[in-house]
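> Handing you a structure now.
The values are calculated or read from the model by the stated rules, or taken from the named source; none is laboratory data. Every value quoted in this text rests on a predicted model; they were computed, and no experiment measured them. Because the Cβ atoms are built from the backbone with ideal geometry, glycine has one as well, and the counts that use them run over all protein chains shown. Remember, those area values only see protein heavy atoms, side chains included, never the ligands or the DNA or RNA. Shrake-Rupley method; radii C 1.70, N 1.55, O 1.52, S 1.80 Å.
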Amino acid sequence: MSERRKQARKPVLREETPEENRIQWEDVTEPKEEEHGPVSWAGSDAEITSRKKVIMACAAAACVVLITGIILVAVNGKKTAPAVMEEAAETIASVQEIEPPTLAEEELAAIEFQKQAEKELATYQDLGLVNTEGFINMRSAPDANDMTNIIGLLNDKAAFDVLEDQGEWLYVSSGGLEGYIASRYVLRGQEAMDAAAENLRERAVITAQVLNIRSAPSDGNAENVCGKARCGERYVIKEMKGDWALVDCRHVVGTDTPYINLGPGNAEIRLCLDEARNRDMRELALTQFNQLVVCNTSGFVNVRKTPDTSSLDNVCGKFMNGNGAELLDTTEAGGKTWYKIKSGNVTGYVASEYCVTGKSARDIALEKASLTARINTDHLNVRTGPSKENTVWTQATSGQSYNVLSQLDGWVEIDMDSDDDRAFVSTKDNYVTLTYGLAEAVEYFPAKEAAYKSAKRRNQIVNYACQFVGNPYVWGGTSLTNGCDCSGFVQSVLKHFGVTIERSSQYQAKCGVGIKSDKMRPGDLVFYANSSGTINHVGMYIGNGQVVNAASTRAGIKIYRWNYRTPVAIRNVLGD
């Protein structure tokens, strides 16, 4: 490693640091004590001088009173000179007893803030700040086309120390990480110092190796764990409740109230800038859960509200091959061992025979870990390219997670199951949360059987379709087990129940009867189009606002929200 890098790790401000890289503050001196009197003076030299002037002015006024009195005596003889002198002496004595003015608490706080700020900024040798609408990636190598080299991210105005300047790339240190960032998205020099002074905040700096982020300020409950904070990460404190801090945390999914316990050994509170967040996929895959459980069966296993397989009524989710979960408890029921798990928004029981834990689970986690983008706003525009100048061809819906295909600074490309168009969404203003690690279970509640025949039939159709979740996507295929495409999937499912429809999604969209979304029932078909308006995808509505579809070669057969893309047609092809 170069001598420049070794030096950069020592967080001190050296004498040779260029003057333009130092923050400019008003001169502040330590409180002084006057040698000639008992009065203690506090404040800057300017403030002390001002107070002295006040005292001298008062003394001068007293002298004027004395002289004026003597003159009056001489003129009209109403008071004797000694009497006037006595009154003047009393006035002077009262002036001497005046307490010197003291600094207000706000002034003292401002002075202390300046001292802490200067101390904090002095820890950077060559300060830089991120300057972008969203975040930028830190990479292990200077290659923006390789997603596997992402080791961290820096949000807007996050700070770093420049170790090496390589032109288009900077090799930097931030948040305990060292890596490469694109130089076109940063501020340096005096611009960085000015922006840094405006972005200093009181933050919780994590000192534990890994610390749980919880949805409520309480320990001992595995169900309220919603994320992980890692050593070196920094979080703005919004509110304190004892040892618990409500923090500003963008990467946590599933809660609006992320809490961190700041007890001994967990974190320290100090005035500082934001820095990089760890996003090493291998490490995050292993630390995503405290007690990791991974689904290890072909397809999926039902997650149930109770450890009982006698009815579908207690099914609340689908735990699919390679999905990860937190192990909450182990219980015996019906001659089986059951794991109580929490995976995403799904909490329930799965049969242990379909899962693995320990080293086997960790090995799968390292193999299956992926990057997903969760949408945090209603109807986020999806564009054909990473710019506002590109065409909006569909919208992503709030709460849906999409596989990430590539990352650019300020944009991510997501898998929208379209071979015709690329799909980019902006990461500005926390529109998107990136999650690294294992995919999690999806919510699923089977349609309840009704007394009339058509509802029962629809229920049977969607339950049959869902048993193939996790199987592969093959373009042009019609096999529900070995591989099929989107239209082949719905055609094969319906064929099993004696319903015949066309082969391609474009022609399937002409089958049956068109209906509105508020009239959808399980078994109806939902169609989607590309940027030119041509229908190119289809899924089957299964109830609960979801569709099952053969999504893509990357995702296989999967369950999504019904409006994960903007639907263009809904058809009832079952004839009831």
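> Given a cut-off of 13 Å, what percent of all Cα-Cα pairs of the stretch 299-365 lie beyond it?
61
> At 0.36 nm per residue, and after removing the present C-alpha to C-alpha distance, how many nm does the segment from GLN467 to LEU312 gain when stretched out fully?
Extra length from GLN467 to LEU312 when fully extended: 54.5 nm.
> Run the simple label-point estimate for THR255 and ARG282 please: 7 Å along Cα→C-beta, distance reported in nm.
With each label point 7 Å from Cα toward Cβ, the separation is 3.0 nm.
> For ARG554, ARG571, write out the residues from largest to smallest accessible area, computed with a 1.4 angstrom probe and no ligands counted.
Solvent-accessible surface, decreasing: ARG554, ARG571.
> Okay, moving on. Using the Kirkwood formula on the Cα atoms of the stretch 401-507, what hydrodynamic radius do you get, in angstrom to one decimal?
Here the Kirkwood hydrodynamic radius works out to 16.8 Å.
> At q = 0.16, 0.24, 0.27 Å⁻¹, what log₁₀ I(q)/I(0) does the stretch 473-515 have when each alpha carbon counts as one equal point scatterer in the Debye sum?
Cα-only, vacuum Debye calculation for the stretch 473-515: -0.39, -0.78, -0.92.
> Between LYS359 and ASN290, 0.36 nm times their residue separation minus their Cα-Cα distance comes to what?
Roughly 23.5 nm would be gained on extension.
> How are the alpha carbon pair distances in the stretch 335-381 distributed across 10 Å bins from zero to the largest one, expressed in percent?
Going out from 0 Å in 10 Å bins, the stretch 335-381 shows 19, 36, 28, 15, 2, 0 percent.
> In Å, what Rg and Dmax follow from the Cα atoms of the stretch 170-264?
For the stretch 170-264, the Cα-based Rg and Dmax read 15.7, 48 Å.
> I would also like to ask the following. Could you sort out which of LYS336/LYS368; LYS228/LYS359; LYS342/LYS368; LYS342/LYS558; LYS318/LYS340 sit more than 23 Å apart by Cα distance in this structure?
Flagged as over cut-off: LYS336/LYS368.
> Moving on. Under a 5 Å amide H to amide H cut-off, with H placed in plane at 1.01 Å, what residues pair with ASN471 once short-range neighbours are removed?
ILE557
> Next question. Take the alpha carbon atoms of the stretch 290-432, find their radius of gyration, then divide it by 2.2 N^0.38 Å using N residues; give the quotient.
Taking the Cα Rg and dividing by 2.2 N^0.38 Å, one obtains 1.28.
> Restricting to Cα pairs below 8 Å that are 6+ residues apart, what does the relative contact order work out to for the stretch 443-570? Please round to a whole percent.
26
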